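To keep things clear, I will list the structure first and then write my remarks on it.
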Amino acid sequence: MVNLPIHLFQFSLKVSADLGEQCSEAVDGGLIEYSPAIFGHKDQMNMHGENAVSARSDVVEFFHGPNYIVIMQRLQAFKYVLRPDGQQQRQMRRFAGSCRFVFNKALALQQERREQGEKKLGYAELCKQLTQWKRDGSTAWLADTPSQALQQTLKDLERAYTNFFAKRADFPRFKKKGHGDSFRYPQGCKLDQGNRRLFLPKLGWVRYRNSRDVLGVIKNVTVSQSNGKWYAAIQTEREVAVPIHHGGAIGIDMGIARFATLSDGGFYAPLNSFKRHETALRKAQQAMSRKTTFSRNWKKAKARVQRIHSRIGHARRDYLHKCSTTISQNHAMVCIEDLQVRNMSRSAAGTAAAPGRNVRAKSGLNKAILDQGWFEFRRQLDYKLAWQGGHLIAVPPKNTSRTCPCCGHISADNRQSQALFVCVACGFEENADVVGAINVLRAGHARLACEVSDALMSPAAGPHRSELSASV
Ligand SMILES: [Zn+2]
């Protein structure tokens, strides 16, 4: 291991953006880590990490090692549009309905037990209940649905509870018809790509639109319905050699006016897919409200509303994928603010006892956040970076918009307007989003340094990937 101190002049935009590229030129195939120069002591390092943003010179450490290759098990889903015949469609609707029924019945049972102060049933006990329901005369029709699909639903419920207890999600909710209709086969599916057909137990061979090749061994298949179309998501597992990423480091500031601003000054414009379609959606919804509920015309109008919703979803996903792919290909280390999207997007109205403040403004912001898909963007960045051998680092958003990247002065006055940052101490002027991104990158460096010092890594340990906080 070679420790090579590089004293950077006043930390500025240029240096932070170029730092990584210089390093990857210097060590071909080595692992690059950064740590601050001034702090050698661990406690100080931690303190440094908590304060997150500093404006001092850095040391760059090179871990020289053999060009080792990391083999990773990659789980990947491939999604296709199914082309079922009439009989298969009816059966799929029935399967999805049975799964929903089982989920809701099991959830009701758990709630009932909770009210009576009894212990929650485990997965195995729920499966026993399921067998009884199938024998029961009134719900004997459950036997027509593949047992494994029903059991998977119970597993989903278990996971929903686990996520709730781990504070990752709200309490499990009852499923509604038409909302996320789906069922999953954990085994027994066969894929015949040459003839563009997929074998699903109790359904037989189902034709599908073969849009791309499936790679790896099939782990499970999820069949779902959305907007009148049926989809099959085939999850596979395969061994992949993780390449060594030669990109540099970058910080990202997420915003409303600009979807994502990079610390090198680049940015991605927002895709307000919802806004663009809002008028069309409003008209369609108005048309629907004028129809007699459940009439033929009402159903047609409803289908139109759903179509617009799905178009919005597709446009958004497409844009997010394009952004996250470009960023993950060009940068090995991406630092992002650890925004609690779940809290931010929560209703601003509050409760009757504690009504929220600035409800109108906040609900506008919340809508914009949801529309931008920040959470999905971060999820995509995380796995795409991992595939490319890079890593995502989430940093606490504290003071990232108020700290001067030039002199380190922290003040709310630094941010003169939404767009402009002018330091009251040294007069440094820059776009406010770019400043945020630079500070996020600095905080990321600091955080990485702490992690490296905590667990002195040997080169054989492989690239270190920051754990995302469990709060989101
Ligand atoms: Zn300053």
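Below is a table of values for the structure above.
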quantity: Stokes-Einstein diffusion coefficient of region 80-240, Kirkwood radius over Cα pairs, 10 °C, 1.306 mPa s, in µm²/s; calculated: 94
quantity: Ranked order, TRP205, TRP374 - accessible area, probe 1.4 Å, largest first; calculated: TRP205, TRP374
quantity: For region 221-253 versus region 286-301, the gap between their alpha-carbon centres in whole angstrom; calculated: 38
quantity: Where Cα atoms sit under 17 Å apart: lysine pairs in region 80-240 separated by 8 or more or lying on different chains; calculated: 18
quantity: Region 113-211, accessible surface, carbon-and-sulfur percent (1.4 angstrom probe); calculated: 46
quantity: Accessible area of region 80-240 divided out per residue, in Å², using a probe of 1.4 angstrom; calculated: 56
quantity: Estimated FRET transfer efficiency when R0 is 35 angstrom, pair LYS283-ARG196 (beta carbons, to 0.05); calculated: 0.40
quantity: Centroid-to-centroid separation of region 411-437 and region 101-128 [C-alpha atoms, Å]; calculated: 54
quantity: Protection-proxy order for peptides 246-252, 423-429, each taking the mean of Cβ atoms within 10 Å per residue, highest first; calculated: 246-252, 423-429
quantity: Length-normalised contact order for region 80-240 - Cα pairs under 8 Å, 6+ apart - percent; calculated: 29
quantity: By average C-beta atoms within 10 angstrom, highest first, the peptides 403-415, 109-121; calculated: 403-415, 109-121
quantity: Convex hull of region 223-299 built on C-alpha atoms - directionally averaged projected area, nm²; calculated: 10.0
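The values are calculated or read from the model by the stated rules, or taken from the named source; none is laboratory data. These numbers come from a predicted model, not from an experiment. Positions of Cβ are generated from backbone atoms using ideal geometry, with glycine treated the same way; all protein chains shown enter the neighbour counts. Ligands, DNA and RNA are stripped out before the accessible areas are found, and what is left, the full protein with its side chains, is counted by its heavy atoms. Shrake-Rupley method; radii C 1.70, N 1.55, O 1.52, S 1.80 Å.
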